[in-house]
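Just so it is clear, none of the values below were taken in a lab; they were calculated from the coordinates. Treat the numbers as computed from the prediction; the structure is a model and nothing was measured. Counting neighbours? That spans all protein chains shown, and the Cβs are built from the backbone with ideal geometry, glycine included.
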Amino acid sequence: MLKTVRRAWVPLLIIAVVLLGFFMVDRLRGVFGKTELTRPGAGLVNDPAPFNPKVVKYEIDGVPGAIATINYLDLDAQPQKAVNVPLPWSLTLTTTAPASSPNIVAQSDGDTISCRITVDGVVKNENKTDGLNAQTFCLVKSA
């Protein structure tokens with residue numbers, strides 16, 4: 001029996017220390033680390049409703065009756081294209097992302113074209129170009 005105790009005391013000691021460690025961590029988390037915000041049923045674990053959504057509006061204007069090809073980035077930064085759209089043209093997008101980079105490029109078959117990007121009703125960028133098959137662009141680095 002003494003041989004068995006000599007061989008088993010180290011593994012038994014390791015198991016006892018590990019169990020004691022788990023017990024102490026659980027007790028300390030109960031005192032210091034436990035938060036009611038994440039406890040199931042606390043009512044705060046669900047994602048909050050979106051707040052302060054950003055409204056981004058693209059506008060292209062030109063000679064009445066003219067048509068344009070418009071390339072823009074949606075609010076997920078994916079390129080989009082609208083071909084042969086009559087002017088004036090506008091598109092309103094809404095996002096709850098903390099930042100976006102609105103960008104638009106347009107070319108018309110008319111002599112004048114302008115673009116405007118507004119964010120939450122505030123004009124962030126506006127350009128106007130004159131010339132044969134006029135082309136313009138607007139860019140907002142961070143909205």
For LYS3 and LEU93, compute 0.36 nm times the residue count separating them, minus their Cα-Cα distance, and round to one decimal in nm. 24.6 nm
P(r) for the range 65-109, please, calculated from all Cα pair distances in 5 Å bins and given in %. 5, 20, 31, 20, 14, 7, 3, 1
Residues other than ALA66 with Cβ under 12 Å of its Cβ, Lys/Arg counted +1 and Asp/Glu -1, net out at -3
Which of the lysines could be linked to LYS141 by a straight reach, that is with a Cα gap under 18 Å, when you skip same-chain ones fewer than 8 residues away? LYS54, LYS57, LYS124
Between SER101 and LEU132, what is the FRET efficiency for a Förster distance of 35 Å, r being their Cβ-Cβ separation, to the nearest 0.05? 0.70
Output wanted: per-residue J couplings in Hz (rounded whole) for the range 60-74, from phi through Karplus 6.51 cos²θ - 1.76 cosθ + 1.60, θ = phi - 60°, x for Gly and Pro. 10, 10, x, 5, x, x, 6, 10, 9, 10, 10, 10, 8, 9, 6
